[in-house]
Amino acid sequence: MRRLLLSCFALALATPLAAAELNLTVQIPEQKVAEYHRPYTAIWIERADRSVAAQLAVWYAQKDSKEGAGNKWLPDLRQWWRRGGRELALPVDGVSGATRLAGQHQLNFVDGQAPLGTLAAGDYVLVVEAAREVGGREVVRVPFTWPGATTQHLTARGSSELGAVSLDINP
């Protein structure tokens, strides 16, 4: 009997618990303009006091042969830059990436894994900011509760530089 209990206990420890997931879809709309540049985009999670809880993604021109380092335009992502972007040593593994073409882009994050890390339970805001050379700048904010007792599907919409932003949270 004792051996059976020990083997059940060992099996329970070996079986991973399902971790909460954050699945994000960001739409970058197609622009009908004469001079088009892909937008620099930053995605992060803020706490209620607007401090950064997690840096999820920053898409920028990492190598720009015409104008030197592509990170010279990152301060145009004003809110992200002021809330921690300037303190990052770029590129950040798992966070930095190239600018994206127009279309829908999916990102998936798991609690306890980089870059999301381990978020304490509470209320947060997902922030997506995009800025485009010879274009505009836009910020979309999606408030959410982490991890939540049930599945959450939240959406917001930009008006120019960002399209639909949808956030699915699975507890």
Review point. Could you give the accessible area per residue of the chain, probe 1.4 Å, as a whole number in Å²?
Key: 58
Point to revise | Positive-end extreme of charge dipole, the chain - chosen from V139, H153, A114 (charges on Cβ) | key: A114
Review point. In sequence order, what are the phi-derived ³J(HN,Hα) couplings for region 119-124 according to the Karplus relation 6.51 cos²θ - 1.76 cosθ + 1.60 with θ = phi - 60°, rounded to whole Hz, with x for glycine and proline?
Key: 8, 5, 4, x, 9, 9
Study note, to complete from the structure: The set of residues whose placed amide H lies less than 5 Å from the amide H of L119, leaving out same-chain residues fewer than 5 positions away, is G112
Check your understanding: Just one of (1) 9.4; (2) 12.4; (3) 10.0 is mean projected area of the Cα convex hull in nm² as worked out from the coordinates here. Which one is it?
Key -> (2)
Practice item. Taking 7 Å along the Cα-to-C-beta vector as the label spot, tell me the T151-R86 distance in nanometres, rounded to one decimal. Key: 4.3
Point to revise | Karplus 3J(HN,Hα) series, Hz, for region 125-141 with 6.51 cos²θ - 1.76 cosθ + 1.60 (x for Gly, Pro) | key: 10, 7, 10, 10, 10, 10, 9, 10, 4, 6, x, x, 9, 8, 10, 10, 10
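What net charge is computed for the residues neighbouring N23, neighbours being all others with C-beta under 15 Å from the C-beta of N23, Lys and Arg scored +1, Asp and Glu -1?
-3
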Revision key, fill the gap. Longest principal axis of the chain (C-alpha) makes with the long axis of helix 2-14 (C-alpha) an angle, in degrees to the nearest 10, of 0
Exercise for review: Multiply the residue gap between Y36 and V110 by 0.36 nm, knock off their C-alpha separation, and tell me the result in nm, one decimal place.
Suggested key: 23.2 nm
Review point. Magnitude of the Cβ-charge dipole of the chain, K/R +1 and D/E -1, about the Cα centre, nearest 20 debye?
Key: 200
Practice item. Grab the other residues whose beta carbon is less than 15 angstrom from that of L154, score K and R as +1, D and E as -1, and report the net. Key: -2
Review point. How much of the accessible area of the chain, probe 1.4 Å, is carbon plus sulfur, in whole percent?
Key: 53
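The values are calculated or read from the model by the stated rules, or taken from the named source; none is laboratory data. Given the structure is predicted, the values throughout are model-derived calculations rather than measurements. Backbone-built Cβ (ideal geometry, glycine too); neighbour counts: all protein chains shown. Keep in mind that these areas ignore ligands, DNA and RNA; they rest on the heavy atoms of the full protein, side chains included. Shrake-Rupley method; radii C 1.70, N 1.55, O 1.52, S 1.80 Å.
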